[in-house]
Amino acid sequence: MKEAKTILLLSLSVCVATAQYVTVPADHQVYPLLVKGETLGMFDSYNLRVLPLTRNEVLSLLNAMKRNAEMLSKADTELLGQMLGEFTNLNPG
């Protein structure tokens with residue numbers, strides 16, 4: 001029984017560690033939106049100069065944009081909503 005618990009714990013640890021470092025391809029459509037957000041002063045991120053970002057980093061920047069969504073055009077607001085939906089998903093892919 002102790003072995004089963006240890007194996008389960010190790011499996012969960014590997015899953016969590018892997019999920020934290022899934023990167024977003026540098027040609028993903030989210031990057032132009034993030035650049036626009038930084039240009040509008042919604043956040044300041046050195047990370048946008050060093051791609052790719054992790055899913056968690058992208059989600060953090062998207063959330064910063066959501067807090068200032070009134071600065072975006074209607075089309076960009078819609079794209080932001082789509083991207084939030086994609087990056088909030090816990091099962092990437």
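The values are calculated or read from the model by the stated rules, or taken from the named source; none is laboratory data. Keep in mind the model is a prediction, meaning the values are calculated, not measured. Positions of Cβ are generated from backbone atoms using ideal geometry, with glycine treated the same way; all protein chains shown enter the neighbour counts. Heads up: the accessible areas ignore ligands, DNA and RNA and are worked out on the full protein's heavy atoms, side chains in. Shrake-Rupley method; radii C 1.70, N 1.55, O 1.52, S 1.80 Å.
Here Leu33 qualifies as open to solvent by less than 60 Å² (accessible area, probe 1.4 Å) and among the aliphatic types (A, V, I, L, M).
Taking the condition among the hydrophobic types (A, V, I, L, M, F, W, C) and out of contact with any Lys or Arg (no Cβ under 9 Å at 6 or more places or on another chain), does Leu59 pass? Spelling it out, Leu59 is indeed among the hydrophobic types (A, V, I, L, M, F, W, C) and out of contact with any Lys or Arg (no Cβ under 9 Å at 6 or more places or on another chain). Looking at segment 48-85, which of its residues are touching a residue at least 40 places away in the same chain (Cβ under 8 Å) and either open to solvent by 30 Å² or more (accessible area, probe 1.4 Å) or among the hydrophobic types (A, V, I, L, M, F, W, C) (or both)? Result: Leu79, Leu80, Met83.
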